[in-house]
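Just below is one structure, and these are the notes that go with it.
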């Protein structure tokens with residue numbers, strides 16, 4: 001209890017007092033008149049299967065009422081009570097990581113990292129909870145502090161969509177690139193989006209993409225294609241070489257060995273020939289990478305729409321020790337969700353992961369507690385989704401971590417908001433809340449790893465005593 005209380009105190013030191021809001025009325029957004037053709041296009045977009053996200057439920061083309069929220073004062077006593085409740089439920093005790101034995105291959109990789117600096121790659125796929133990089137970064141920092149820093153690892157090219165963030169690298173791009181793979185462009189592309197399910201494409205000269213990072217080695221992942229364009233590659237403003245993306249259709253890779261320290265890398269298109277980028281890999285020769293691949297509004301089934309040949313080749317090349325799947329929030333509010341389809345699709349996602357990287361451990365993280373507001377109650381499938389994830393994790397040899405139960409169960413989001421750890425939408429957490437979440441998951445994983453070490457090192461201790 002003291003550990004959790006101390007952690008809360010440290011986190012709250014950086015969190016200002018916030019006012020909590022509640023829904024007191026609704027107002028209709030102003031909608032500009034549309035032509036009939038545009039209206040039909042909007043209707044088609046709105047009826048694509050299972051494409052609704054937390055954000056899109058309030059967008060104007062759904063004609064839903066927009067909640068009007070007003071500040072409500074939270075007394076110090078009420079906040080203190082909420083903080084104490086969260087400290088109680090987040091207390092580090094064994095048993096919260098279900099089917100922990102499924103992570104033994106991952107723990108073995110961590111053990112090797114401690115012994116000889118063996119590189120360990122962790123990939124997390126998910127929705128906006130993952131895309132913001134808040135709780136992933138907390139886990140990244142904790143893993144790298146204990147097992148060594150492997151650098152940023154994979155990151156998307158440029159800044160492909162609003163809400164994408166990485167704390168350990170900085171990226172940007174000029175305006176002449178378009179993004180594929182996001183919910184906004186669902187079903188409009190060819191699925192050739194690479195490792196993270198998001199790509200940037202340009203078809204005009206002079207378009208740039210930048211990355212600022214420090215690592216022992218650098219890779220550029222792109223789509224190799226017939227007639228593909230060329231890129232000028234510069235380091236700290238000095239041109240190094242030209243990268244051609246032309247060739248037989250498939251995943252392409254450019255490698256570069258930088259000098260020590262942080263550098264700014266710039267890519268510039270040289271013609272109107274198409275160039276499609278999947279992302280960068282900036283990594284060290286040893287240590288842990290924790291790589292964020294979240295997409296706002298995403299659902300797990302979207303991974304099945306990615307070109308399997310390209311995606312699986314890049315996944316196998318990353319050779320991850322652990323893959324974290326953190327979906328469920330957007331599924332919970334989908335009006336077209338049904339348990340049978342969800343079970344089949346989640347099985348297929350895990351099968352695809354197993355086929356591409358057979359020795360990788362998989363951890364399913366259930367959705368958090370949420371409250372979805374609108375004029376009338378929206379369908380919430382959190383209970384069913386959590387149980388299906390738990391069952392499939394057991395059936396397929398994956399570990400499972402119940403986020404909703406760990407944060408206090410149904411209704412807990414209200415407590416997190418009162419404590420300053422939850423945002424006003426009752427869906428997302430604040431930065432401090434996500435950091436608490438990340439540190440809690442790391443703590444639960446560390447307890448399971450310590451149990452593994454006791455068994456793993458016991459024969460060695462017995463031999464040394466003889």
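The values are calculated or read from the model by the stated rules, or taken from the named source; none is laboratory data. Just so it is clear, the model here is predicted, and its values are computed rather than measured. Neighbour counts are summed over all protein chains in view; Cβ atoms, including those assigned to glycine, are modelled from backbone coordinates with ideal geometry.
Table: residues versus (1) part of a helix (DSSP H, G or I); (2) assigned by TED's automatic domain parsing to the domain that holds residue 365.
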| position | (1), (2) |
| --- | --- |
| 255 | no, no |
| 280 | no, no |
| 292 | no, yes |
| 298 | no, yes |
| 348 | yes, yes |
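Does residue 154 count as closer than 18 Å to residue 285 by Cβ and in contact with a helix residue (DSSP H, G or I) (Cβ under 8 Å, 6 or more places away or on another chain)?
Details: closer than 18 Å to residue 285 by Cβ: yes; in contact with a helix residue (DSSP H, G or I) (Cβ under 8 Å, 6 or more places away or on another chain): yes.
Taking the combined requirement at face value, the residue satisfies it.
For segment 77-103, give me each residue that is within 17 Å of residue 442 (Cβ to Cβ) and not in a helix (DSSP H, G or I).
Of everything in segment 77-103, those that are within 17 Å of residue 442 (Cβ to Cβ) and not in a helix (DSSP H, G or I) turn out to be 90, 91, 92, 93, 94, 95, 96, 97, 98.
In the list 194, 150, 117, which residue meets the criterion of being surrounded by 24 or more Cβ atoms within 10 Å (Cβ to Cβ), over 14 Å from the mean Cα position of the chain (by Cα) and at positive phi?
Working: 150 fails: at positive phi; 117 fails: surrounded by 24 or more Cβ atoms within 10 Å (Cβ to Cβ).
Going through 194, 150, 117 in turn, the sole match is 194.
Hey, any hits in segment 184-200 for a residue that's assigned to a strand (DSSP E or B) and either outside the structural domain of residue 268 (by TED's automatic domain parsing) or in contact with a helix residue (DSSP H, G or I) (Cβ under 7 Å, 6 or more places away or on another chain) (or both)?
Looking only at segment 184-200, we keep the residues that are assigned to a strand (DSSP E or B), and these are 199-200.
Right, trim to either outside the structural domain of residue 268 (by TED's automatic domain parsing) or in contact with a helix residue (DSSP H, G or I) (Cβ under 7 Å, 6 or more places away or on another chain) (or both) and you get none.
Within segment 184-200, none of the residues are assigned to a strand (DSSP E or B) and either outside the structural domain of residue 268 (by TED's automatic domain parsing) or in contact with a helix residue (DSSP H, G or I) (Cβ under 7 Å, 6 or more places away or on another chain) (or both).
With the condition kept exactly as written, say whether any residue in segment 314-324 is in the same structural domain as residue 396 (by TED's automatic domain parsing), on the phi > 0 side of the Ramachandran plot and modelled with pLDDT under 95. First the steps, then the outcome.
Residues of segment 314-324 in the same structural domain as residue 396 (by TED's automatic domain parsing): 314-324.
With the extra rule that they be on the phi > 0 side of the Ramachandran plot, the set shrinks to 319.
Still in the list and also modelled with pLDDT under 95: none.
Scanning segment 314-324, I find no residue that is in the same structural domain as residue 396 (by TED's automatic domain parsing), on the phi > 0 side of the Ramachandran plot and modelled with pLDDT under 95, so the answer is no.
Restricting attention to segment 310-330, report how many residues are closer than 19 Å to residue 281 by Cβ, part of a helix (DSSP H, G or I) and out of contact with any helix residue (DSSP H, G or I) (no Cβ under 7 Å at 6 or more places or on another chain).
Residues that pass the stated criteria total 6.
Looking at segment 380-395, can you tell me whether even one residue there is in the same structural domain as residue 324 (by TED's automatic domain parsing), within 20 Å of the chain's Cα centre (by Cα) and modelled with pLDDT under 95?
Of segment 380-395, the ones in the same structural domain as residue 324 (by TED's automatic domain parsing) are 380-395.
Subsequent filtering for residues that are within 20 Å of the chain's Cα centre (by Cα) retains 382, 385-386, 389-390, 393.
Then drop every residue that is not modelled with pLDDT under 95, which leaves 382.
The answer is yes; a qualifying residue exists.
With respect to the numbered conditions (1) farther than 19 Å from residue 411 by Cα; (2) part of a loop (DSSP other than H, G, I, E, B); (3) in contact (Cβ under 8 Å) with a residue 40 or more places away in the chain, which one is the sole condition not fulfilled by residue 380?
It is condition (1) that residue 380 fails.
Within segment 287-311, work out how many residues are surrounded by fewer than 24 Cβ atoms within 10 Å (Cβ to Cβ), touching a strand residue (DSSP E or B) at 6+ places or on another chain (Cβ under 9 Å) and farther than 28 Å from residue 249 by Cβ.
1
Just to be sure before I move on: is residue 114 assigned to a helix (DSSP H, G or I) and touching a helix residue (DSSP H, G or I) at 6+ places or on another chain (Cβ under 7 Å) in the structure I sent? Spell out how you get there, then give the answer.
Values: assigned to a helix (DSSP H, G or I): yes; touching a helix residue (DSSP H, G or I) at 6+ places or on another chain (Cβ under 7 Å): yes.
In short, yes.
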